[in-house]
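Have a look at the structure below, then the notes.
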Amino acid sequence: MTRRKQPWGQQRGWIVPADGSPPQELPQQMVGHKVISWPGTMAEKQLAEPATYLASKDSYHRHVLNPEGVSVYVPEGRDAESLPESIKSEIRRQLKGQS
């Protein structure tokens, strides 16, 4: 099967969080990069606390989900092809529901 090409400027992508929560659609400006950082839920910072930087475990690498041709970001060291079918189905459901 070949993937469907999307018109330029309408790229869509999903992140598959490492914590096992459902895939989330990313803002369009984040889609297309090879690697993105996604800290998940960040604790609220109090005044006078030092800034913490993102760790390598917060890096997500881009893969393409075929045949839809959308970007899927998975944690470093994980392969998008080995994602459970339930996650792929959820991304496809969201894609069909919002297109």
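The values are calculated or read from the model by the stated rules, or taken from the named source; none is laboratory data. A quick note: this is a predicted structure, and the numbers were derived from the prediction, not measured. Counting neighbours? That spans all protein chains shown, and the Cβs are built from the backbone with ideal geometry, glycine included.
Of the residues in the stretch 43-54, not one is at pLDDT 80 or above and either surrounded by 10 or more Cβ atoms within 10 Å (Cβ to Cβ) or among the polar types (S, T, N, Q) (or both).
Taking the stretch 87-99 as the range and being part of a helix (DSSP H, G or I) and surrounded by fewer than 10 Cβ atoms within 10 Å (Cβ to Cβ) as the test, the residues that pass are K96, G97, Q98.
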